[in-house]
1. Can you compute the charge dipole magnitude of the range 35-122 about its Cα centre, using +1 on each Lys and Arg Cβ and -1 on each Asp and Glu Cβ, nothing else charged? Give it in debye, rounded to the nearest 20.
2. Rank these residues by their accessible area, most exposed first, probe 1.4 Å: Ser97, Ser25.
3. Where in the chain lies the longest segment free of trypsin sites (Lys or Arg not before Pro) that are both loop residues by DSSP (not H, G, I, E, B) and have at most 16 other Cβ atoms within 10 Å?
4. Treating only the Cβ atoms of Lys and Arg (+1) and Asp and Glu (-1) as charged, compute the dipole magnitude of the chain about its Cα centre; round to the nearest 20 debye.
5. Among the GluC sites (Glu not before Pro) in the range 44-76, which ones are in a DSSP loop with at most 14 other Cβ atoms within 10 Å of the Cβ? Mind listing them?
6. If you keep only loop residues by DSSP, which GluC sites (Glu not before Pro) in the range 76-149 have at most 14 other Cβ atoms within 10 Å of their Cβ?
7. If the chain between Arg87 and Ser42 were fully stretched, how many nm would it gain, using 0.36 nm times the residue separation less the Cα-Cα distance?
8. Using a 1.4 angstrom probe on heavy atoms only, work out the carbon and sulfur share of the accessible area of the range 1-114 in %.
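The values are calculated or read from the model by the stated rules, or taken from the named source; none is laboratory data. Values in this document were obtained by computation on a predicted structure and should not be read as measured data. Backbone-built Cβ (ideal geometry, glycine too); neighbour counts: all protein chains shown. SASA here: full protein model, heavy atoms, side chains in, ligands and nucleic acids out. Shrake-Rupley method; radii C 1.70, N 1.55, O 1.52, S 1.80 Å.
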Amino acid sequence: RLTRAARLLGMPVFATEQYPKGLGSTLPALAELIPHRPEKTSFHCCSVPEILEQFYGRKIAHVTLVGIEAHVCVAQTALELMKLGFRVQIAADAVGSRHAFDKEIALRRLEQAGAIVSTAEAVIFEWTETADHPKFKEISALVKEADQG
């Protein structure tokens with residue numbers, strides 16, 4: 001949902017895959033939306049030069065993170081990005097861990113470190129900003145679709 005909303009709003013979306021040979025690839029439905037996903041073995045995405053090059057080249061200052069594992073890759077990416085001066089937001093309902101306790105502690109830790117913890121729907125409407133946005137009806141339909149699914 002966040003990826004589709006970002007695309008509707010013309011926002012850039014970046015992704016990486018953590019060691020797909022050993023852990024498996026991104027789910028096909030998501031891979032279709034984000035065809036370019038550089039592989040990495042480091043737990044944070046900042047080790048992938050093109051990711052930071054894109055952020056700096058586009059003058060991106062605020063990054064919204066989603067993914068798995070919340071307590072490993074998401075956490076280490078968030079901490080590294082904040083160390084580099086980025087504002088980081090995490091959509092709590094769009095991150096996961098194998099164990100709920102790991103996710104809970106990771107989100108608490110990241111919030112204490114300065115990350116903004118929010119929800120996917122809140123993020124989408126922050127991106128949209130106003131009901132007058134030209135894409136509001138499409139965004140609203142996307143949110144309602146998620147409620148039904």
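1. Values: 10 positive and 10 negative charges, 37 e Å.
It comes to approximately 180 debye.
2. Values: Ser97 25, Ser25 85 Å².
Ranked from most to least accessible, the order is Ser25, Ser97.
3. Numbers: sites that count: Arg58, Lys59, Arg98, Lys135.
Longest site-free region, per DSSP loop and neighbour criteria: 1-57.
4. Working: 17 positive and 18 negative charges, 42 e Å.
Using Cβ point charges on Lys, Arg, Asp and Glu, the chain gives about 200 debye.
5. Working: sites: Glu50, Glu53, Glu69; in loops: Glu69.
Counting only loop positions with at most 14 other Cβ atoms within 10 Å, none of the GluC sites (Glu not before Pro) in the range 44-76 qualifies.
6. Glu129
7. Working: separation 45, 0.36 × 45 = 16.20 nm, distance 2.11 nm.
That works out to 14.1 nm of additional length.
8. Working: 3670 of 6670 Å².
Looking at the range 1-114 in its full context, I get 55 percent from C and S.
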